[in-house]
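Undergrad: Quick one: the structure is below, questions incoming.
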2 protein chains.
Amino acid sequence: MDRIETPPDVVIRRLPLYARSLRYLLQEDVRSVSSQELGERINVTAAQIRKDLSYFGEFGKQGIGYDVEKLLNQIERILGLNQEWPVGLIGIGHLGEAIARYEGFRRQGIRIAALFDSDPNKIGTDINGLTIQDDTHIERAMREQGVKLAIIAVPATRAQEVADMLVSAGVRAILNYAPMVIQVPENVWVRHIDPVAVLHSMTYYLAREEDKES
Amino acid sequence: MDRIETPPDVVIRRLPLYARSLRYLLQEDVRSVSSQELGERINVTAAQIRKDLSYFGEFGKQGIGYDVEKLLNQIERILGLNQEWPVGLIGIGHLGEAIARYEGFRRQGIRIAALFDSDPNKIGTDINGLTIQDDTHIERAMREQGVKLAIIAVPATRAQEVADMLVSAGVRAILNYAPMVIQVPENVWVRHIDPVAVLHSMTYYLAREEDKES
């Protein structure tokens, strides 16, 4: 009984959260978990987890739950994490430096492989053994290393220009920290991280509460 | 014809993106915009924009489009951005420091008002004129300043402990950068920013492409 339905993107976005929780369970030496227990850890219902996983085959046994290590391995394989992904990071300001120094990537299949900036004072200096390169070299350097993933941490005014260089370099997926929507061809994936927008989506609720109180 | 329907959270999450695009349009001196044009800037359909805004009343005129400045003011008022929101930031590592130094908050209704860390070498030092405080003082300091919003940028192992302190301090909304789901009471909002999970949701697509090519 094969299912050939394509999983919606919202399901793909949840898989890494399942994987992360399973990794914690494994660290805690938990070997088996029900969809109920897994769901509580990530605020998703048990039914949702079962439905999400059903796109990818049969996992777990009714009444027994999932084998934590096995399910983690399966999800990591689905996400392509049975290999390491080199990533180019463009923009080494405060945020870029924090990203370059973040230890959490390496343990989870992501390797920051190239750093770029346009500031002559930064170009040629090292972070964690990687030399910051002139960002006019993005295309050559990324192609040489076969890098398909990039993180943009430049100011909004430069984001589109950098995105264009990345697309020319053959990059197929971009994580964009610049507070600016970038335009890319249809075959390039873009996700956006924007803390201001996230905070504003919560001030909405706080402001309503204040109105009620006053 | 009043609509009293409560807007779903997904709509609330999109409002800040509309506001951001309208701010750019205003900077470019664009005075009027159609839902079509606005939609193209944020990869949302015109119909979606009209539906989202319909939760909050009547905006724009058929065939004329929206007055950019007026719509921006209305959305900012809906999001509670006609006031400034003080925010407590806990964890002043590389990421926390980048957040503390980020200029983009202040221009958009967010003021980093208090910094906390547990490292004796950091406590007492200044960033942008704010002194890093001992994080055991969170409850007193946040209450004194009436801070309802907080950003967690501590390691995963400390995130829940810090979240508990914030809840005790009366914080009602938390932006969590720690790679860990935190448990809070129902009346507290939490949003999560996790770059590893975001990257993993794209490696899925890249891995599938490689499979096709090989």
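The values are calculated or read from the model by the stated rules, or taken from the named source; none is laboratory data. These numbers come from a predicted model, not from an experiment. With ideal geometry, Cβ positions are generated from the backbone for all residues, glycine too; neighbour counts draw on all protein chains shown.
Undergrad: Only one of (1) surrounded by fewer than 22 Cβ atoms within 10 Å (Cβ to Cβ); (2) in a loop (DSSP other than H, G, I, E, B); (3) of a type outside the set (Phe, Trp, Tyr); (4) within 19 Å of the chain's Cα centre (by Cα) is not met by residue A:185, so which one is it?
TA: Of everything listed in (1) surrounded by fewer than 22 Cβ atoms within 10 Å (Cβ to Cβ); (2) in a loop (DSSP other than H, G, I, E, B); (3) of a type outside the set (Phe, Trp, Tyr); (4) within 19 Å of the chain's Cα centre (by Cα), residue A:185 misses just condition (4).
Undergrad: Every residue in the range A:56-67 that is loosely packed, with under 14 Cβ neighbours inside 10 Å and over 22 Å from residue A:9 (Cβ atoms), please.
TA: A:58, A:61, A:62, A:63, A:64
Undergrad: Still on this structure, please answer the following. Give the residue, chosen from B:13, B:41, B:20, B:31, that is outside the structural domain of residue B:169 (by TED's automatic domain parsing), surrounded by fewer than 20 Cβ atoms within 10 Å (Cβ to Cβ), under 18 Å from the mean Cα position of the chain (by Cα) and of a type in the set (Lys, Arg).
TA: B:13
Undergrad: For the range A:72-89, enumerate the residues that are touching a Phe, Trp or Tyr at 6+ places or on another chain (Cβ under 8 Å) and of a type in the set (S, T, N, Q).
TA: Once the filter is applied, which keeps residues that are touching a Phe, Trp or Tyr at 6+ places or on another chain (Cβ under 8 Å) and of a type in the set (S, T, N, Q), the range A:72-89 yields only A:74.
Undergrad: Ok, one more. All but one of (1) surrounded by 15 or more Cβ atoms within 10 Å (Cβ to Cβ); (2) over 22 Å from the mean Cα position of the chain (by Cα) hold for residue B:171; which doesn't?
TA: Looking at each condition in turn, residue B:171 falls short on (2).
Undergrad: Among the residues of the range B:188-210, how many are small (Gly, Ala, Ser) and more than 18 Å from the chain's Cα centre (by Cα)?
TA: Summing the residues that are small (Gly, Ala, Ser) and more than 18 Å from the chain's Cα centre (by Cα) in the range B:188-210 gives 2.
Undergrad: It is to be established whether one or more residues within the range A:193-211 are modelled with pLDDT of 95 or more and in contact with a Ser or Thr (Cβ under 8 Å, 6 or more places away or on another chain).
TA: No, there is no match, as no residue in the range A:193-211 is modelled with pLDDT of 95 or more and in contact with a Ser or Thr (Cβ under 8 Å, 6 or more places away or on another chain).
Undergrad: Can you name the condition, by its number, that residue B:137 falls short on among (1) at the interface with chain A (Cβ under 9 Å from one of its Cβ atoms); (2) over 25 Å from residue A:153 (Cβ atoms)?
TA: Residue B:137 satisfies all of (1) at the interface with chain A (Cβ under 9 Å from one of its Cβ atoms); (2) over 25 Å from residue A:153 (Cβ atoms) except (1).
Undergrad: What tally of residues in the range B:188-214 results from selecting those that are more than 9 Å from chain A (Cβ to nearest Cβ) and outside any helix (DSSP H, G or I)?
TA: Total meeting the criteria: 2.
Undergrad: Is it true that some residue in the range B:85-106 is within 23 Å of residue A:208 (Cβ to Cβ), modelled with pLDDT under 95 and assigned by TED's automatic domain parsing to the domain that holds residue B:162?
TA: Yes, that holds for at least one residue.
Undergrad: Moving on to the next point. Return only the number of the condition from (1) modelled with pLDDT under 95; (2) of a type in the set (S, T, N, Q); (3) assigned to a helix (DSSP H, G or I) that residue A:160 does not satisfy.
TA: Only one criterion is unmet by residue A:160, namely (1).
Undergrad: When you scan the range B:120-135, how many residues do you find that are in contact (Cβ under 8 Å) with a residue 12 or more places away in the chain, in a loop (DSSP other than H, G, I, E, B) and out of contact with any helix residue (DSSP H, G or I) (no Cβ under 7 Å at 6 or more places or on another chain)?
TA: Adding up the residues that qualify gives 1.
Undergrad: Starting from residues that are out of contact with any helix residue (DSSP H, G or I) (no Cβ under 7 Å at 6 or more places or on another chain) and in a helix (DSSP H, G or I), keep the ones in the range A:12-30 and report whichever is nearest to the other protein chains (Cβ to nearest Cβ).
TA: That would be A:24.
Undergrad: Something else about it: Looking only at the range A:80-102, filter to residues that are in contact (Cβ under 8 Å) with a residue 40 or more places away in the chain and surrounded by fewer than 20 Cβ atoms within 10 Å (Cβ to Cβ); which one of those is farthest from residue A:167 (Cα to Cα)?
TA: Taking the candidates together, the pick is A:93.
Undergrad: What do you reckon, is residue B:53 closer than 30 Å to residue A:98 by Cα and either in the same structural domain as residue B:178 (by TED's automatic domain parsing) or surrounded by 17 or more Cβ atoms within 10 Å (Cβ to Cβ) (or both)?
TA: no
Undergrad: Taking the options A:151, A:138, name whichever one is touching a helix residue (DSSP H, G or I) at 6+ places or on another chain (Cβ under 7 Å), outside any strand (DSSP E or B) and buried (at least 22 other Cβ atoms within 10 Å of the Cβ).
TA: A:138
Undergrad: Can you say whether residue B:167 is under 29 Å from residue A:172 (Cβ atoms) and either touching a Pro at 6+ places or on another chain (Cβ under 7 Å) or facing chain A (nearest Cβ under 8 Å) (or both), as far as the supplied structure shows?
TA: In short, no.
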